[in-house]
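The values are calculated or read from the model by the stated rules, or taken from the named source; none is laboratory data. Since the model is a prediction, treat every value here as computed from it, not as a measurement. Cβ coordinates were reconstructed from backbone atoms using ideal geometry, including for glycine residues, and neighbour counts include every protein chain displayed.
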Amino acid sequence: MAKKHATSEPDDLVSVVGAMIFASDEPVHPKEISSALGGLERQQIEEAIGTLQKRLERHGFGLALERIAGGVRFATRPELAPWLRQFFQQRNQTRLSLAALETLAIVAYRQPVTAPEIQAIRGKDPGAALKGLLDKKLVRCLGRKKVVGSPLLYGTEKEFLMHFGLDNLDDLPSIEDFDQFVELLDARLETPPASAGETLPESPPAGAVPEPPGPSGI
């Protein structure tokens, strides 16, 4: 059996873990790091991640570590959001339409959900909005519902979690904050993926979307 890597010493391990997280374009799971380092114990990996986070905080870098979609990734610090937003606005990123934002919010809360069910909630055909969300990899097809016509079922994609800084769907705000969530989607889709520590606005924006349905709805 191959020997464990020499990087198991604390200082080296922190550097190696940081390099792995930086080099990956997706959140890195501690078990992936453990496997790459010859089966190093999970506790050692977690300690290295914690040490790396403390170093980032101590030296005042513009980066932090955050837990996303079950893994770990680098993220920009929340206090830098205004400058990052300005930077990405200058790069002409396309914002989603209000129809797409509402459709995405419905899919997030109601999934798995069909296009007819989305239309029943919004009152409008979601076809074009769904196509755009599929193209942006924010939504994916989950199969077909076993009813007459076998309509496609839609759910959020992993990219949705990554972009909005959610570890899993349980981190979605409550349905009472539906309006706030749509406003958050609008703001966050102008910017790079979510910075660590951002929260929902304290008060809902004035009226931009329909009221969420009652208990039988989303």
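Structural remarks
- Members of region 12-40 that are assigned to a loop (DSSP other than H, G, I, E, B) and over 20 Å from the mean Cα position of the chain (by Cα): Leu37, Gly38, Gly39, Leu40
- Residue match in region 50-66 (condition: modelled with pLDDT of 90 or more, more than 24 Å from Glu159 (Cβ to Cβ) and touching a helix residue (DSSP H, G or I) at 6+ places or on another chain (Cβ under 7 Å)): yes
- Selected residue (criterion: modelled with the highest pLDDT) from residues of region 75-98 that are of a type in the set (Ser, Thr, Tyr) and farther than 28 Å from Gly18 by Cα: Ser97
- Each residue in region 147-167 was checked for being exposed (fewer than 14 other Cβ atoms within 10 Å of the Cβ) and touching a Pro at 6+ places or on another chain (Cβ under 9 Å), and 1 pass.
- Filter result for Ile118 (touching a Pro at 6+ places or on another chain (Cβ under 7 Å) and at pLDDT 90 or above): yes
- All conditions in (1) under 24 Å from Gly155 (Cβ atoms); (2) in a helix (DSSP H, G or I); (3) under 18 Å from the mean Cα position of the chain (by Cα); (4) not β-branched (Val, Ile, Thr) hold for Leu84, with the sole exception of (1).
- Residue in region 55-74 that is part of a helix (DSSP H, G or I), in contact (Cβ under 8 Å) with a residue 12 or more places away in the chain, surrounded by 15 or more Cβ atoms within 10 Å (Cβ to Cβ) and of a type outside the set (Ser, Thr, Tyr) present: no
- Output for region 114-141, where each listed residue is farther than 30 Å from Phe74 by Cβ, within 24 Å of the chain's Cα centre (by Cα) and outside any helix (DSSP H, G or I): Thr114, Pro126, Cys141
- For Lys131: the one exception among (1) touching a residue at least 40 places away in the same chain (Cβ under 8 Å); (2) exposed (fewer than 14 other Cβ atoms within 10 Å of the Cβ): (1)
- Candidate set from region 147-191 (those that are of a type in the set (S, T, N, Q) and either more than 13 Å from the chain's Cα centre (by Cα) or within 18 Å of Glu102 (Cα to Cα) (or both)); member that is modelled with the highest pLDDT: Thr156
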